[in-house]
Amino acid sequence: MKIRIALSLLFVLTVAGCKAPPAPVTDDTIVSSTVDGVKLTYRHAVQPPASFTPVNEEYRALYGASLMTRPDFGGKLVSYLENSKPYTVLGSVENNWFAIAEQGQEQLIGYVPMRAVVKSDLYDKTVKADSRRKRARSAAKKTCVAVDGSGKACQNSNSGTWIID
């Protein structure tokens, strides 16, 4: 009887001393690190930048740019920016990319090229200038002539080259 009690006590003490296994790390696990003296919080799938210069300003997306897991096109696609939606640019990182967060948030969601966003107060001016430039290009006339009765050839007014259709 004493051996049973001793074995039971030994078993209980052994099991009581065990720790629970750590939670598995997934792509959605929130982690943080410090880069150039700035603490960044991000999903485990997003890689921290090698260098970081704080910006912390509101920018707006110029187009549906790809939001990447690292600051180059070799990373994985996280999602896409929504055209004209405001985002918080946390900082400038290597390769002329921005570290982006949702508007009013501080958690890094990914990276976009600098040309994909513009400061919110310059957004309307930038879009208006771009639309004027597009209209000017489309105003150029093409010179077209019939070829063999079944096709046509058009001259590019910018370069003077002929394109046969």
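The values are calculated or read from the model by the stated rules, or taken from the named source; none is laboratory data. Computed from a prediction, not measured in an experiment: that's the story for all the values here. Note: ideal-geometry Cβ built from the backbone for every residue, glycine included; neighbour counts use all protein chains shown. Areas reflect the complete protein model, heavy atoms only, side chains present, ligands, DNA and RNA absent. Shrake-Rupley method; radii C 1.70, N 1.55, O 1.52, S 1.80 Å.
A few comments on the model shown:
- Filter result for Val112 (out of contact with any Lys or Arg (no Cβ under 9 Å at 6 or more places or on another chain), of a type outside the set (Gly, Ala, Ser) and under 23 Å from Ser32 (Cα atoms)): yes
- Scanning the range 92-104 turns up at least one residue that is hydrophobic (A, V, I, L, M, F, W, C) and in contact with an Asp or Glu (Cβ under 9 Å, 6 or more places away or on another chain).
- Those residues of the range 93-120 which are in contact with a helix residue (DSSP H, G or I) (Cβ under 8 Å, 6 or more places away or on another chain) and more than 15 Å from Tyr63 (Cβ to Cβ), in sequence order: Asn96, Trp97
- Tabulated pairs, the range 1-29, first at pLDDT 75 or above, second surrounded by 10 or more Cβ atoms within 10 Å (Cβ to Cβ) and not β-branched (Val, Ile, Thr), C-beta under 6 angstrom, 6+ apart or interchain: Val25/His44; Asp27/His44; Asp27/Ala45; Asp28/Arg43; Thr29/His44
- Applying the set (1) of a type in the set (A, V, I, L, M); (2) in contact with a Pro (Cβ under 8 Å, 6 or more places away or on another chain); (3) free of Cβ contacts under 8 Å to residues at least 60 places away in the same chain to Leu40 leaves exactly one unmet item: (3).
- Residues that are of a type in the set (A, V, I, L, M) and free of Cβ contacts under 8 Å to residues at least 60 places away in the same chain, drawn from the range 60-75: Ala61, Ala65, Leu67, Met68
- The residue of the range 101-112 that is most open to solvent (accessible area, probe 1.4 Å), among those that are without any contact (Cβ under 8 Å) to a residue 40 or more places away in the chain and in a strand (DSSP E or B), is Glu102.
- Applying the condition of being in a strand (DSSP E or B) and among the aliphatic types (A, V, I, L, M) to the range 73-92 and asking which residue is most open to solvent (accessible area, probe 1.4 Å) yields Leu77.
- Counted residues, the range 49-72 - those being open to solvent by 70 Å² or more (accessible area, probe 1.4 Å), closer than 16 Å to Val35 by Cβ and in a loop (DSSP other than H, G, I, E, B): 2
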